[in-house]
Amino acid sequence: MQLPGATPLHIDLRRYLREHDEDRDLTRLICEIADASKYIINAIRTGDLGMAGTSNLYGEAQLELDVLSDRIIRKRLLHSGVVACIASEESGEIQQVDPDDEHKYSVAYDPLDGSSLVDVNLAVGTIVSIYKGGDVFRPVREQVASMYILYGPRTTLVYSTGRGVHEFAMNSLMEYTLNHENLRMTNGAAKIYSPGGQRNKYSAGTESFAQQLEAGGAKLRYSGGFVPDINQVLMKRNGVFMYPHLKDAPDGKLRVLYELNPMAYLIEQAGGAASTGRGRILDLHPKSIEDRAPVFIGSKQSVTLAEKCIAEAG
Ligand code: FDP
């Protein structure tokens, strides 16, 4: 037990994973990605923000940082020796490393989500989804772990391996030390909401949901970065993020494999909910890296309200 006034014991990520009997290879994988993030944060702070002259699969101009972040993580994953298959949001291809080894892991990741925010100096993040075996196109509920790293005023890492959701913060020695253990969302009415997409393109159901959130006193909190917006909902223990189906984008914007799977897993692990508006994200089974879906994610009560509004009015 902690004595009053005593300096709290700093528990680093590797030690925490070991003490909680996590699989040795999974521990290694999570720690490799954590190590990679130290180079990414350094690149964000000091890097060249010019264009790389290439575009990703979705035709978006890439910042140099996207390419760099992808290379940093990929190198670490390959070096880990425990990876069977790699899918990165910045590349159009799945890299088969050792696809027949069922003991290894498949990793789908977005190396620098929200990268368009870097040049306006807002927070961005890395998102990672982990499966056992050599295939990333698995039912979402079969994920064995997911995590994100938030590059904000502080750098934090949030992960779950199915045993709660834990937050670590990077200290001055660039080590991740435990900040919050077993984060839990509350189930009351949303105090904050983060609505993506243009409101005049919302369906009647989503518009009704937004109006009911506002009538209930929810405050608007949208940064345009999926990682910081989800992190805010999680850390405030209450609230909802949405990027709904739009009149001209029936599947919304966010990608199932790289963005929705890992965040749905984390938020459900924290006692929240994640839905397309018509069913659980964890019931999805992506078949392609391009699959997208609408998302309503956060406190259970809000996500249930979203589903009700959409069932009633579309
Ligand atoms: P970005 O396009 O800047 O990379 O999926 C990427 C994402 O950002 C998310 O991080 C964010 O939630 C969303 O798109 C923002 O989209 P809008 O610009 O349409 O709000």
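Any read-out appearing in this document is the output of simple, stated calculations on the displayed coordinates, not a laboratory observation. Predicted model only: the values in this text are computed from it and were never measured. Every residue, glycine as well, gets a Cβ built from its backbone with ideal geometry; the counts of neighbours run over all protein chains shown.
Here are the numbers for the structure shown:
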{"item": "Which listed residue, of Leu117, Leu68, is more than 20 Å from Leu254 (Cβ to Cβ), part of a helix (DSSP H, G or I) and under 20 Å from the mean Cα position of the chain (by Cα)", "result": "Leu68"}
{"item": "Residue check for Ile86: crowded, with 20+ Cβ neighbours inside 10 Å, aliphatic (A, V, I, L, M), free of Cβ contacts under 8 Å to residues at least 24 places away in the same chain and assigned to a strand (DSSP E or B)", "result": "yes"}
{"item": "Pick from the stretch 97-147, criterion of a type in the set (D, E, K, R) and within 19 Å of Val227 (Cα to Cα), ranking: nearest to the ligand (Cβ to nearest atom)", "result": "Asp113"}
{"item": "Yes/no for Met170 being touching a helix residue (DSSP H, G or I) at 6+ places or on another chain (Cβ under 9 Å), within 26 Å of Glu93 (Cα to Cα) and hydrophobic (A, V, I, L, M, F, W, C)", "result": "no"}
{"item": "Qualifying residue in the stretch 234-242 (condition: surrounded by fewer than 18 Cβ atoms within 10 Å (Cβ to Cβ), touching a Pro at 6+ places or on another chain (Cβ under 7 Å) and under 24 Å from Ser288 (Cβ atoms))", "result": "no"}
{"item": "Residue selected from the stretch 193-227 under the condition more than 15 Å from the ligand (Cβ to nearest atom), in contact with a helix residue (DSSP H, G or I) (Cβ under 9 Å, 6 or more places away or on another chain) and among the aliphatic types (A, V, I, L, M), by the criterion farthest from Ile310 (Cα to Cα)", "result": "Ala218"}
{"item": "Qualifying residue in the stretch 89-96 (condition: more than 14 Å from the ligand (Cβ to nearest atom), of a type in the set (Gly, Ala, Ser), in a loop (DSSP other than H, G, I, E, B) and touching a Leu at 6+ places or on another chain (Cβ under 9 Å))", "result": "yes"}
{"item": "Enumeration of residues in the stretch 145-191 that are out of contact with any Gly (no Cβ under 8 Å at 6 or more places or on another chain), under 22 Å from Asp21 (Cβ atoms), among the aliphatic types (A, V, I, L, M) and in a loop (DSSP other than H, G, I, E, B)", "result": "Val165"}
{"item": "Subset of the stretch 179-196 (residues that are within 18 Å of the chain's Cα centre (by Cα) and crowded, with 20+ Cβ neighbours inside 10 Å)", "result": "Leu183, Met185, Tyr193, Ser194, Pro195"}
